[in-house]
Ligand SMILES: Nc1ncnc2c1ncn2[C@@H]1O[C@H](COP(=O)(O)OP(=O)(O)OP(=O)(O)O)[C@@H](O)[C@H]1O
Ligand SMILES: [Mg+2]
């Protein structure tokens, strides 16, 4: 059974239809890459999956672990195991990183009917995760993302993912803005989280990331639809040829 | 032409009453003088510049009587949560049974006007006189004119008070007015922290017209923290006036959450040089609350610094007012002044009026001010929700963080966390999406 099953998904934003019939099946442990021209609806898809208000599903279904996702609020989806690493992580003034992580972690525990975690134990857990991503204690003491560099923000997203251990991670252009070393670091972090039960949907413009994180499937999203799917060689082909064949006229 | 009837001053009728009331002959003279001054300036109206955003019409047209009851049950869940010696005023009059001052050590003396003979009051007399020369403060004159008590705290030279003193002013009764009056006299090099909690007994509706005067001797250190949590249908108008001498430091913070109509006016006169003065505050308003913070900082001498940080959150049709004036005299070279005023509006109908004013007559100064008005961004809420935090908690966290930023200015750590818990409580009780 698929972990995520998207059927004929249509969605509008601000009255405009952006997603126009998406079909996508992601099995447990699979890594899917989504590529596509600017403005084609990739982030929209990620927001629709994460349950952002204002992104209205007008047709189709989204099943996650067999559950209908559309009726769940964003926080419920997160607690069910959907994680979105934002293309543009938001600065959260005044909310300390560590507190933020603990609140999120405990929210999930509560959702699952479990006991909240001991603060010291959690601190140790977060520190071990942060170390892998080369994030200092100091960054966890600061307000979430406030004054972080672009690359630091992206790393912070991956840290959150590593702490929250989702079943489905959607990474929206996590690679853009990262320097070469950071890209390696983040990829290692992501690879470390790969498991039989954890699936990923990786949105990217660059084939380079896919050298580090090897996808099982690559999809091209253009004009609100998946125009083509293939193996990782599709990414190489796109790198060489661009998106001309998916232009409005070609479609 | 028909003669217009002479408009009577609001509360004038109560003044004669007040004279025969609690303080005897000595007060009669004082009260007469205060009435004259009050009459000369008149009740602040829509044309009074310093009151243009806050209307006192409702108070002026209300029917009030003087409070005659001076005992009450302390509303423990309304006051600042602190365990320290307390001094309790009920309707402006010191209530010794409710106060517990045993723990206070000998370096702090407390005198209530009610307790002393007329001939001992000359010192108070001088204080009131000096107050009167300060001009345009009609409600302060009204306070003097209808006084039922005044409490003076004196901290002797060089003494360091380890425990803070909690002054609790309780309003109890319906349709009453009272005039709490505090005088704080801090000796040279002395150190003290005190708190004012202004609260009301449940369902009480009153007008509290409060005045606190402070004198900070050379190199003294004073923390002065105030919680305004008066009954929701009441009015709270207060003036704090601090005169600060060489090298002293004054840390003032006001948390306003109560009353329907409130004004927290703080006037700091930096008479000495090398003074460090902070006038900060936070406010949380919902329903039809009106919360005014008005500050005036006067740099009279060289090399003093002042800092002002105010932050507020307004929901529903609540309205906030911030007026902040900094006056730098020609002698006050090397003044360092900072003022920041931020508000977050949670509803389309909430409103903030903001008026910063810098008047600088010295050339070698550093003064800056700024103001922002914002709302809680959906993107931010979504970010927290996408991490599993429910919408209501997300809002509470974000708004809490916003307001904490101002509360963090409070220098006394215990009091800071008390104020923090007042804010958190407010958020729990008032913050739900409509
Ligand atoms: N609130 C909105 N109102 C109207 N149109 C919107 C709104 N938000 C996004 N869009 C439009 O939806 C389309 C898809 O945007 P989306 O962000 O999903 O693209 P993307 O594929 O992620 O692009 P990129 O590669 O640049 O990140 C764009 O044309 C965008 O202008
Ligand atoms: Mg995008």
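Before moving on, here are some points about what is shown:
- Top of B:297, B:15, B:389 by mean-square fluctuation, Gaussian network on chain B, Cα under 10 Å: B:389
- For the options A:56, A:196, A:76, a Gaussian network treatment of chain A with springs between C-alpha atoms closer than 10 Å singles out A:196 as fluctuating the most.
- Residues of segment B:179-207 with amide N under 19 Å of a point placed 7 Å along Cα→Cβ from residue B:112: B:179-185, B:195-201
- For chain A: rounded, prolate or oblate by the Cα gyration tensor [a/c cutoff 1.5]: prolate
- Antiparallel bridges, percent of DSSP beta bridges restricted to chain A (to nearest 5): 60
- Computed over segment B:1-113: relative contact order in percent, which uses C-alpha pairs under 8 Å that are six or more apart: 18
- The label-point distance for residue B:391 and residue A:91, in a model that sets each label 7 Å from Cα toward Cβ, rounds to 2.7 nm.
- Fraction of antiparallel bridges per DSSP, chain B only, in percent to nearest 5: 5
- Counting beta carbons within 10 Å around each of A:120, B:340, A:135 and listing the fewest first gives the order A:120, B:340, A:135.
- Choice from B:384, B:35, B:345 showing the highest fluctuation, given a GNM over chain B with Cα pairs closer than 10 Å: B:384
- Helix axis angle, A:97-111 relative to chain A longest principal axis, alpha carbon, degrees: 80
- Relative pair counts by distance (%), Cα atoms of the protein assembly as shown, 10 Å bins: 3, 14, 21, 19, 14, 12, 10, 6, 2, 0, 0
- Pairs of Cα atoms nearer than 8 Å and 6+ residues apart set the relative contact order; for chain B it is 10 percent.
- Counted over the protein assembly as shown, the DSSP beta bridges are approximately 20% antiparallel.
- Residues in segment B:299-320 reached by a label modelled at residue B:336 [backbone nitrogen below 11 Å; 7 Å Cα→Cβ]: B:303-307
- Computed [θ] at 222 nm, helices only, for chain A once each DSSP H run of length n ≥ 4 contributes -39500 (n - 2.57): -11000 deg cm²/dmol
- Evaluated at q = 0.11 Å⁻¹: base-10 log I(q)/I(0), Debye formula over Cα of segment B:302-415: -0.49
- Exercise: per-residue mean of other protein chain Cβ atoms within 10 Å, A:106-114: 2
- Per-residue ellipticity at 222 nm, computed for chain B from helices alone with -39500 (n - 2.57) per DSSP H run of at least four residues, works out to -6500 deg cm²/dmol.
- Dimensions (Å) - chain B, Cα atoms, principal axes, largest first: 70, 57, 51
- Average other protein chain Cβ within 10 Å of Cβ, residues B:373-386: 6
- Ranking of B:54, B:156 by neighbouring Cβ atoms within 10 Å, starting from the fewest: B:156, B:54.
- The separation of segment B:180-219 from segment A:179-251, counted between C-alpha centres, amounts to 66 Å.
- Tensor-based shape of segment B:218-297 (alpha-carbon gyration tensor, a/c under 1.5 rounded, otherwise prolate or oblate): prolate
- In plain terms, the residue of A:88, B:383 with the fewest other Cβ atoms within 10 Å comes first and the most crowded comes last, giving A:88, B:383.
- Look at the stretch B:388-396: the mean tally of other chain Cβ atoms within 10 Å of its residues' Cβ atoms is 6.
Since every read-out is calculated from the coordinates, none of them should be taken as a lab result. Keep in mind the model is a prediction, meaning the values are calculated, not measured. Cβ sites come from the backbone with ideal geometry, for glycine too, and all protein chains shown count toward neighbours.
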